[in-house]
Every structure is written in C-alpha cells, then in structure tokens.
Amino acid sequence: MTAEPTSPLQPIRILFVGGHGRSGSTLVSRALGAAGKASCVGELRYLWKQGVAKNQLCGCNRRFARCAFWQDVGDAAFGGWRNVDAIEMAGLHQSVMRIRHLAHHLLPGSTGAFGRRVRLYAETMAKVYRGIAEVSGSPMIVDSSKFPTSALLLRRMPGIDLRIVQLVRGPHGVVHSWSRTVQRADKGGRLMATHSPTRAAAEWLVFNAAIESFRLTRTPWTLLRYEDFVARPHSELSRVLEFAGSPSPDTGFLGDGTIDLPVDHSVAGNPMRIRTGVVPLRADEEWRTAMRRARRRMVTVFTAPGMLRYGYPLR
C-alpha cells in the first residue's frame, strides 16, 4: 500500500466525532469519511486493546494483523507494531483516558505521575495519527472515539488541526439502545455492552456537556443531530464537511433513503462498521413502541435540560 508522504511540518487535520455512545457515530463517521475522501478509522481509542493486542476484525473484515492498511501504519509509526508493548499501552490508556479522569485532564499543567502518563500516551498516539496520515494520503482523518478525554488528548498534540463535531441523538433512543441485547457480528456473536437507564441517561448529559464545552475554547466545534443527518444527509454532510475544511463533498453514495457504504478501516465501533454496500438510511425509533411509559417519563425528567438545549421536545 503506497501513498504520498505527509510533510512533517504539515498539520494533520482530524475531524473528531464526540458525544455519547449509541448515537449513530459509526454510521455518521463512515459517511463523513466517504463524502470527504477522508480516512475513517473508527474509535481509535480502542486501537491497542481491540486491534493490536486482541487482533480483532478491522472494518475491512480482516483481522487487524492481516489488514495491510494497519500493518503499514504500524511500520510508518514505529517500524512495526512489534516494537510497541500493546498490553502496556492498553493499560496506559485505561489509567488516563476513562471518563472518570476528565477532571485531571482539565487541571492546568497536569503534573506528577498522571501528567507523565498522559504525556507518554499523547506522544505515542501522535505517532499513530502521523502514520495514518502518511499511509492513507487522505486530507483528513475521521476519529469517532467520542470520549471528551480523547478530544482533550488531541489538543495536547503538536501538529494537529483538530475540528470537533458534537453528535447528539435524542436521549430516549440512546437509553433504549443501551438496554438492548445485541449480538456483535464483528466479535463472533458476543453481546454488546448494556447500561441501566439511569446510567445511560446520566452519561448522555455528562458526555454532551463535556463535548459542548469545547466551543468555549479555540478548538473549532459544530453540532450535528443524528436525526437531522438521517432526514437530510446531503445538506448535513455538506455543512459539516465545509466546517471541516472540505467544501466539495462527494455524496453520490447517498440514495433515496439508502447509503452505499464503502470499505474502510474502522478499528472499533458499532458492529455495522463491517457492513458494506447499500443499506437503509433511517432513524432507529424502536424506543417509541418498546420503551415503557414510566421509563420514558424518567428519561425525559432526567435529561430535560439537555433535551431543551439540543432542540428535542419534552412531549
């Protein structure tokens, strides 16, 4: 796999999709990658655990170790993945990048052991992003890691042109999705993680508030509602990609209520990351019939400030 080399002085443009899980980020990031001729790498925060260490499926439907793209990235970044201790890096990620560590990232000039771990992880991940840019030759990398700590880490890296898309989905759909039992086709039929309604609702508020706080910084930020993307994919993709510095998107892969998904190299994400070809493009509204009335009221009361903030009706 060959590509035009990226100049060491050229900033790497990263379109970071942030928000809460089960908000449609896998579909949206793949669409942004296809329309913007960008490299869609999925949830890169899970690279070390799911990709390098566990050799799970890439979005191209090959095992990580057999995916030519990711092997070339490893060669470009480190001279091969064998030169990095993946278990150690996965542990380092766990120790500094979970949402519980958000406050530590916000402290000015992180010091001590935590600060040293963050700097080491940032330096290592900067090499990964540089490797992706070199191998793909794409003008932009779409990273759907979602976690605000991942976005904060990117802000620490020199040579990164970071743009943040806050992806919001109505909380009832998110809460219902976290409660469903779903088999993962990309992990041998294992079940997707589930959360209680109260935890999912609380995290919906916290994650979205944290991602929206980036609008108060110098980092470019824009909002995208999942429901608007599904209803108006052409205009919403065009708007977001213009914000990202790619003003001439190619939306020929969008049909009338369908989307033709190309092969990409998503290292982690929703199980649909391995699907290719024409698939329906419609909002998942199962919660409207499946969610009990009492739970629906609880979610509304709990998340009312966020619902009003992002334009979702309380009724």
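Taking the Cα centre of the chain as origin, work out the dipole magnitude from +1 charges on Lys and Arg Cβ and -1 charges on Asp and Glu Cβ, in debye rounded to 20.
Dipole size: approximately 1300 debye.
Connecting C-alpha atoms closer than 10 Å in a GNM of the chain, tell me which of THR276, THR251, THR181 has the biggest fluctuation.
Most flexible of the set in this elastic network: THR181.
With Cβ to Cβ distances under 13 Å as the rule, what net charge do the other residues near ALA209 carry (K, R +1; D, E -1)? Write down the numbers at each step before the final one.
Working: positive: ARG215, ARG309; negative: GLU203, GLU212.
Combined, the nearby Lys, Arg, Asp and Glu give 0.
For TRP221, what residues show an amide H to amide H distance below 5 Å, using hydrogens built from the backbone and excluding near sequence neighbours?
ILE164
For the range 187-215 and the range 9-63, compute the distance between their C-alpha centroids and round to whole Å.
Here the two parts' Cα centres lie 17 Å apart.
Are there any trypsin sites (Lys or Arg not before Pro) in the range 212-262 that are in a DSSP loop and have at most 16 other Cβ atoms within 10 Å? List them by number. Walk me through the numbers on the way to the answer.
Values: sites: ARG215, ARG218, ARG225, ARG239; in loops: ARG218.
When the trypsin sites (Lys or Arg not before Pro) of the range 212-262 are filtered for loop state and at most 16 Cβ neighbours within 10 Å, ARG218 remain.
Would you kindly state how much longer the chain becomes between ASP250 and ALA68 on full extension, computed as 0.36 nm times their sequence separation minus their alpha carbon distance, in nm to one decimal? Before the final figure, lay out the partial values.
Values: separation 182, 0.36 × 182 = 65.52 nm, distance 2.57 nm.
Using 0.36 nm per residue and subtracting the Cα-Cα distance, I get 63.0 nm.
Compute the signed sum of charges (Lys and Arg +1, Asp and Glu -1) over the other residues within less than 13 Å, Cβ to Cβ, of PHE253. If you can, show how the numbers build up before the last one.
Working: positive: ARG30, LYS37; negative: ASP250, ASP256, ASP260, ASP264.
Net local charge, PHE253 excluded: -2.
Over 14 Å, how big is the tail of the calculated P(r) for the range 267-315, in percent of all Cα pairs? Let's see the in-between values first.
Details: 800 of 1176 pairs.
The share of Cα pairs beyond 14 Å in the range 267-315 comes to 68 percent.
How much length would be gained if the chain were fully extended between GLU285 and GLU88, taking 0.36 nm per residue of separation minus their Cα-Cα distance, in nm to one decimal? Walk me through the numbers on the way to the answer.
On the way: separation 197, 0.36 × 197 = 70.92 nm, distance 4.07 nm.
Once the chain is fully extended between GLU285 and GLU88, it gains 66.8 nm.
Which Cα, out of PHE243, PHE253, ILE164, lies furthest along the positive dipole direction of the chain (beta carbon charges, K/R +1, D/E -1)?
So the residue furthest toward the plus end is ILE164.
Just need log10 I(q)/I(0) for the range 40-125 at q = 0.17, 0.21, 0.23 Å⁻¹, Debye formula, equal scatterers on the alpha-carbon atoms, no solvent, rounded to two decimals.
Values returned for q = 0.17, 0.21, 0.23 Å⁻¹ are -0.74, -1.00, -1.13.
Ignoring everything except DSSP H segments at least 4 long, calculate the 222 nm mean residue ellipticity for the chain; use -39,500 (n - 2.57) per segment, divide by total residues, nearest 500. Don't skip to the end; give the middle numbers.
Working: 12 runs with 135 residues, N = 315.
Result for the chain: -13000 deg cm²/dmol, rounded to the nearest 500.
Would you please give the residues with an amide H less than 5 Å from that of ALA268, counting only those at least 5 places away or on a separate chain, with H modeled from the backbone geometry?
Amide H neighbours of ALA268: GLU43.
Which shape class applies to the range 165-315: rounded if a/c is under 1.5, otherwise prolate when a/b exceeds b/c and oblate if not, where a ≥ b ≥ c are the square roots of the Cα gyration tensor eigenvalues? Numbers along the way, then the final one.
Numbers: a/c = 1.66, a/b = 1.16, b/c = 1.42.
Note, shape of the range 165-315 comes out oblate.
Accessible area per residue of the range 131-196 at 1.4 Å probe, in Å²? Don't jump to the answer; show the numbers that get you there.
On the way: 2160 Å² over 66 residues.
Averaged over the residues of the range 131-196, the accessible area is 33 Å².
Rank PHE114, HIS101, ALA34 by how far each Cα sits towards the positive end of the charge dipole of the range 33-175 (+1 on Lys, Arg Cβ; -1 on Asp, Glu Cβ) and give me just the farthest.
Among PHE114, HIS101, ALA34, the one farthest towards the positive end of the dipole of the range 33-175 is HIS101.
Choose one answer from ALA201, ALA31, ALA231: the residue with the largest mean-square fluctuation in a GNM of the chain with alpha-carbon springs under 10 Å.
Maximum among the listed residues: ALA231.
What net charge do the residues around ARG315 carry, taking every other residue with its C-beta under 12 Å from that of ARG315, with Lys and Arg at +1 and Asp and Glu at -1? Write down the numbers at each step before the final one.
Details: positive: ARG296, ARG297; negative: none.
Charge balance near ARG315 sits at +2.
Considering only VAL174, VAL301, VAL118, give the residue with the highest GNM mean-square fluctuation for the chain, with springs between Cα atoms whenever their separation is below 10 Å.
VAL301
Would you mind computing, in nm to one decimal, how far apart the modelled labels at PHE78 and ARG292 are, each placed 7 Å from Cα along Cα→Cβ?
Result for the modelled spin labels: 4.7 nm.
Relative to the present Cα-Cα distance, how much length would full extension add between ALA209 and GLN183 at 0.36 nm per residue of separation? Before the final figure, lay out the partial values.
Values: separation 26, 0.36 × 26 = 9.36 nm, distance 3.01 nm.
Residue separation times 0.36 nm, minus the Cα-Cα distance, leaves 6.3 nm.
Any idea what diffusion coefficient the chain gets from Stokes-Einstein, in µm²/s, Kirkwood Rh on alpha carbon pairs, 10 °C, 1.306 mPa s? Show your work: numbers first, answer last.
Details: Rh = 20.0 Å.
In µm²/s, the coefficient is 79.
For the range 216-257, build the convex hull from the C-alpha positions and give me its volume per residue in Å³.
On the way: hull volume 2.9 nm³, N = 42.
Given the Cα convex hull of the range 216-257, per-residue volume reads 68 Å³.
Distance in nm between label sites at GLN10 and ALA231, each 7 Å beyond Cα in the beta-carbon direction?
Modelled inter-label distance: 3.9 nm.
The values are calculated or read from the model by the stated rules, or taken from the named source; none is laboratory data. Everything numeric in this text was worked out from a predicted model, so none of it was measured. Please note: Cβ atoms are built from the backbone with ideal geometry, for glycine as well, and neighbour counts cover all protein chains shown. All accessible areas refer to the heavy atoms of the entire protein, side chains included, with ligands and DNA or RNA removed. Shrake-Rupley method; radii C 1.70, N 1.55, O 1.52, S 1.80 Å.
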